[in-house]
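The values are calculated or read from the model by the stated rules, or taken from the named source; none is laboratory data. In this text the structure is predicted, and so the values were computed from the model without any measurement. So basically every Cβ, Gly included, is an ideal-geometry build from the backbone, and we count neighbours across all protein chains shown. Note: areas computed on protein heavy atoms with side chains; ligands, DNA, RNA excluded. Shrake-Rupley method; radii C 1.70, N 1.55, O 1.52, S 1.80 Å.
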Amino acid sequence: MLDIKVLRDDPEAARQAARKKRMPDRANAVDRALQLDAELRVLTPKLDGMRADQKAGSKEIGKMAPADREAFLGGQKAKKEELKHFEEREKQLKAEIEQALALVPNIPDSEVPDGKDDTENVEVKKHGMVRQFPFAAKAHYEIGEAQGWLDFTRAAELSGSRNYVLFSDLALLQDAVLRFSIDLMVERGFVPVDPPVMVRDPAMFGTGFFPGGEEQTYRCEKDGLNLIGTSEVPVTSLHAGEILSEADLPKKYVARSMCFRREAGTYGKDTRGLYRVHQFQKVEQVVLDIADKARSLEHHAAIVQNAESCLQAFELPYRIVAVCGGDLGVPQAFKYDIETWMPSRNAYGETHSASRFYDYQARRLGLRYRDALGKVRFCHTLNNTVIASPRVLIPLLENHQNPDGTVNVPAALRPYMGGRAVIGKKVF
RNA sequence: GGUGGGGUGGCAGAGUGGCUGAAUGCGGCGGUCUUGAAAACCGCUGUCGGCGGAAGCCGACCGGGGGUUCGAAUCCCCCCCCCACCGCCA
């Protein structure tokens, strides 16, 4: 949520923001919010005056002799009656402003590239050499199925499309990857968190997924709970409604959780293999800190670096792209995606997403802190993937495959794989 | 699912119709004392909005919504949430 003052001061910036994000309907919300706000700002002083007057009368009456009360009472009642409809309008306006404001997207930073979708993201860094295979490289699902590590048929039978079952060494490899990532983050000072994967609506709203993301979310209607699509939701919301002490900041969390996504509207897209699935596990990093842009930028660089460390440890080629306006979500001010090389796609595929929000989420969450001067302010929030599986298994299997279908285990992961340097048997 | 107890300021916890935006304690800030620190003592210390250069003044807010009343944290109704015990299950 943006501060209404930001809209008043520079409404064009907010409209422009929505357009840059290719959300024209949300640009309209700016004007709706402002229009309602203008009415409220006329109404408020008037209402306050009336209330002050009525309140003063009530105080008088308490001190009066009973005989004098009668005459006064009539006047008081009339004032009360008059107040009533103005108060109703006030309540209505406040609710509607809130509603409109919730639709206004965060303003993208000026360095966000212009563009309509992910094809217009801008590469800013490339790391590692793409491997040239002297043999016919297989896709991860070919290797996985041949090794008995992967079963999409039974998964579909059990749970429908976009599901999978991992077996044996691939199940272990997934765990190795996740555990390595957590250990790396703990070493870097992040506090490990095992959060709930079902959350109430305010957490979805506060992090900016609602309104708008309802179609992507599995919901337990009976209980009014939502399955999270990322632990960003519960972890960023951990301190919602609190006023933290500046001494407690920054809060740096690393969470591991199951994630659930309906993937509505993606029919026919990435249907093979492990790329786009309904449930997966993710290690996520979340940072909460004081409202200072420079600090946010530092954290952002650091959380990107953390993800890079993982990919480097896994010996995977990747690149970093600055996400363009049209591919940015509602709450983000800036986002880097990290894409890892996936031979079966003959392309880099998104594996990480590092966002900064400034105070947009914090404002919606009521996430605040008291600064050195005693002033209460909204925090800044950021997050990035550390590793998400099974998607990361795609590059791991494909980049490290041998002609016979066995797969090399990167040195960093061997301690988590019983010391083995190779997994699988000769299958090709 | 059943029964009972609760939701008040950064935290803990008083407060059952006007003198309460809210006692008290803790914490925080400032000061006295000290070579320095601690302790002790003194003072200040809720959030949001409006007007104002400021001091300040006004308004809203005691889980949420509605109601009674000239006046509600306090009374009534509905909802949400938390806790305890029992039952059931893992």
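Per-residue answers, yes or no, for (1) in contact (Cβ under 8 Å) with a residue 40 or more places away in the chain; (2) aromatic (Phe, Trp, Tyr); (3) within 16 Å of RNA strand B (Cβ to nearest atom):
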{"residue": "A:GLU12", "(1), (2), (3)": "no, no, no"}
{"residue": "A:MET23", "(1), (2), (3)": "yes, no, no"}
{"residue": "A:ALA38", "(1), (2), (3)": "no, no, yes"}
{"residue": "A:LYS80", "(1), (2), (3)": "no, no, yes"}
{"residue": "A:ALA102", "(1), (2), (3)": "yes, no, no"}
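For A:ASP223, the conditions (1) in contact with a helix residue (DSSP H, G or I) (Cβ under 7 Å, 6 or more places away or on another chain); (2) without any contact (Cβ under 8 Å) to a residue 60 or more places away in the chain; (3) over 20 Å from A:ARG356 (Cα atoms) are fulfilled apart from (1). A:THR381 - would you say it is surrounded by 21 or more Cβ atoms within 10 Å (Cβ to Cβ) and among the hydroxyl-bearing types (Ser, Thr, Tyr)? The answer is yes for A:THR381. Just one residue in the set A:LEU170, A:LEU83, A:LEU178, A:LEU93 is open to solvent by less than 20 Å² (accessible area, probe 1.4 Å) and in contact with a Pro (Cβ under 9 Å, 6 or more places away or on another chain); that residue is A:LEU170. Flag set for A:GLY189, criterion: in contact (Cβ under 8 Å) with a residue 24 or more places away in the chain, in contact with a Lys or Arg (Cβ under 7 Å, 6 or more places away or on another chain) and open to solvent by 20 Å² or more (accessible area, probe 1.4 Å). Considering only residues that are free of Cβ contacts under 8 Å to residues at least 12 places away in the same chain and either of a type in the set (Gly, Ala, Ser) or under 24 Å from A:GLY208 (Cβ atoms) (or both), which ones fall in the range A:347-377? Matches in the range A:347-377: A:ALA347, A:GLY374. When the range A:109-157 is filtered for residues that are outside any loop (DSSP other than H, G, I, E, B) and open to solvent by less than 30 Å² (accessible area, probe 1.4 Å), the ones remaining, listed by number, are A:HIS140, A:ILE143, A:GLY144, A:LEU150, A:ASP151, A:ALA155.
With respect to A:GLU214, determine if the residue is under 15 Å from the mean Cα position of the chain (by Cα), assigned by TED's automatic domain parsing to the domain that holds A:LEU393 and surrounded by fewer than 19 Cβ atoms within 10 Å (Cβ to Cβ). Let's see the steps before the verdict.
Details: under 15 Å from the mean Cα position of the chain (by Cα): yes; assigned by TED's automatic domain parsing to the domain that holds A:LEU393: yes; surrounded by fewer than 19 Cβ atoms within 10 Å (Cβ to Cβ): yes.
Yes: the conditions hold for A:GLU214.
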